[in-house]
Amino acid sequence: MELGLASSRGPAGPSLAVAGRRPRPSLSPPLPCPLSLQIQTRGYSMPTLHHKAHTTVGCQASVAAKYMETPDIVDLDWENLGFGLVDTDFMYMAKCGTDGNFSSGEIVPFGPIALSPSAGVLNYGQGLFEGLKAYRKTDGSVLLFRPEENAIRMKNGSDRMCMPAPTVEQFVDAVKQTVLANKRWVPPTGKGSLYIRPLLIGSGAILGLAPAPEYTFLIYVSPVGNYFKEGLAPINLIIEDNFHRAAPGGTGGVKTIGNYASVLKAQRTAKDKGYSDVLYLDAVHNKYLEEVSSCNIFVVKV
């Protein structure tokens with residue numbers, strides 16, 4: 001992808017080559033175990049990069065709302081999907097108290113959740129999120145890409161934010177449960193993907209500044225197209241030299257929810273000027289490329 005880069009104080013500079021709600025399915029007896037998805041394993045060389053292995057994770061989520069797995073695909077305008085929230089059928093929820101152990105979790109209908117006004121996530125921003133995708137193959141099966149890496153990142157972030165985290169096995173199993181419960185929302189091959197959003201939040205009530213007494217791990221999904229409206233075409237980024245994305249000693253190295261609201265002002269200004277997003281510089285020297293508001297950036301010297 002080629003990005004047109006520009007300083008926030010001047011015109012565009014040289015280019016760099018850089019790497020509606022639908023009806024719910026009919027009710028029927030609970031979906032039987034075991035559930036299986038293909039999971040792309042980690043690979044750092046070409047031979048292993050294309051290897052796909054089945055994982056055998058036991059069912060650990062109870063089914064609060066009875067549903068059936070159906071081969072049908074929801075009738076959406078897949079050609080113009082875009083990247084926006086589409087309410088799906090089900091989500092996953094698990095709770096954790098002061099003992100640090102998460103409940104087995106359950107699949108429940110997608111919808112609002114109840115939180116105390118004094119919940120830790122609302123008052124002190126004690127929360128993390130992840131983002132990964134599921135893809136439909138030509139044979140109709142569904143593929144996940146390295147969900148264990150997202151689980152590991154959430155565990156690393158939870159330590160920084162003084163939160164308990166589900167085990168890697170619990171995380172991967174919960175992702176599989178949620179995707180299979182919403183399989184009819186996975187776009188047809190080549191038409192997009194099912195975006196998966198795991199959340200870990202301090203849901204317990206707390207007044208003083210301290211870790212919350214209870215935590216909720218939940219996952220919801222939404223079918224999506226390309227993130228940028230340009231699709232796979234080149235995008236234009238503006239270099240921001242007044243605001244910074246992260247600072248040494250801060251939380252820029254973990255995916256905490258508080259890292260994102262702070263970029264909205266610069267991002268809105270950039271979009272008002274016709275740019276796709278903002279490219280931030282480092283907070284120490286204010287000259288080294290750091291990252292974009294919503295993603296990393298890789299620069300290839302040619």
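Which residue is nearest to Asp89 (Cα to Cα), if the candidates are limited to segment 202-214 and must be surrounded by fewer than 24 Cβ atoms within 10 Å (Cβ to Cβ) and among the aliphatic types (A, V, I, L, M)? Walk me through it before giving the result.
The first filter runs over segment 202-214 and keeps only residues surrounded by fewer than 24 Cβ atoms within 10 Å (Cβ to Cβ), leaving 204-211, 213-214.
Still in the running and among the aliphatic types (A, V, I, L, M): 205-207, 209-210.
Numbers: Ala205: 28, Ile206: 32, Leu207: 34, Leu209: 36, Ala210: 35 Å.
Residue satisfying both the conditions and the ranking: Ala205.
Considering only residues of segment 192-201 that are crowded, with 18+ Cβ neighbours inside 10 Å and not hydrophobic (A, V, I, L, M, F, W, C), which is nearest to Met93 (Cα to Cα)?
Looking only at segment 192-201, we keep the residues that are crowded, with 18+ Cβ neighbours inside 10 Å, and these are 192-196, 198-201.
Narrowing the set further to residues that are not hydrophobic (A, V, I, L, M, F, W, C) leaves 192-193, 195, 198.
Values: Gly192: 25, Ser193: 22, Tyr195: 17, Pro198: 10 Å.
The selected residue is Pro198.
Considering only residues that are surrounded by fewer than 15 Cβ atoms within 10 Å (Cβ to Cβ) and under 30 Å from Ala212 (Cα atoms), look in segment 68-102 and name the one that is modelled with the lowest pLDDT.
The selected residue is Thr98.
Select from segment 162-176 the residues that are crowded, with 22+ Cβ neighbours inside 10 Å and closer than 21 Å to Ala210 by Cβ and list them in ascending order. Give the steps one after another, and end with the answer.
Narrowing segment 162-176 to residues crowded, with 22+ Cβ neighbours inside 10 Å: 163, 165-166, 171, 173-176.
If the condition is that a residue be crowded, with 22+ Cβ neighbours inside 10 Å and closer than 21 Å to Ala210 by Cβ, then Met163, Ala165 are the ones that fit.
Exactly one of these conditions fails for Val108: (1) assigned to a strand (DSSP E or B); (2) closer than 30 Å to Lys229 by Cα. Give me its number.
If we test Val108 against (1) assigned to a strand (DSSP E or B); (2) closer than 30 Å to Lys229 by Cα, just (2) comes out false.
Would you check which residues across segment 254-302 are under 23 Å from the mean Cα position of the chain (by Cα), assigned to a loop (DSSP other than H, G, I, E, B) and not β-branched (Val, Ile, Thr) and list them?
So the first thing to find is which residues in segment 254-302 are under 23 Å from the mean Cα position of the chain (by Cα), and the list is 254-268, 271, 276-280, 290-298.
Right, trim to assigned to a loop (DSSP other than H, G, I, E, B) and you get 254-255, 257, 262-263, 276, 293-298.
Answer for segment 254-302, where residues must be under 23 Å from the mean Cα position of the chain (by Cα), assigned to a loop (DSSP other than H, G, I, E, B) and not β-branched (Val, Ile, Thr): Lys255, Ser262, Ser276, Ser293, Ser294, Cys295, Asn296, Phe298.
I'd like to check which strands (runs of 3 or more DSSP E) are fully inside segment 153-253 and have at least 1 residues that are basic (Lys, Arg).
On the way: elements: 193-202, 215-224, 235-240.
Strands (runs of 3 or more DSSP E) meeting the threshold: 193-202.
Listed here are the residues, each with its yes/no results for (1) touching a helix residue (DSSP H, G or I) at 6+ places or on another chain (Cβ under 9 Å); (2) among the small types (Gly, Ala, Ser).
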{"site": "Ser193", "(1), (2)": "no, yes"}
{"site": "Ile196", "(1), (2)": "yes, no"}
{"site": "Val221", "(1), (2)": "yes, no"}
{"site": "Asn226", "(1), (2)": "no, no"}
{"site": "Ile239", "(1), (2)": "no, no"}
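Could you tell me which residue of segment 120-152 is surrounded by the most Cβ atoms within 10 Å (Cβ to Cβ), considering only residues that are of a type in the set (S, T, N, Q) and in a helix (DSSP H, G or I)? Lay out the reasoning, then the answer.
Taking segment 120-152 and keeping what is of a type in the set (S, T, N, Q), we get 123, 126, 138, 141, 150.
Subsequent filtering for residues that are in a helix (DSSP H, G or I) retains 123, 150.
Values: Asn123: 17, Asn150: 22.
Here the answer is Asn150.
The values are calculated or read from the model by the stated rules, or taken from the named source; none is laboratory data. As the structure is a prediction and not an experimental result, all values here were calculated from the model. Note that we place each Cβ from the backbone using ideal geometry, even for glycine, and neighbour counts take in every protein chain shown.
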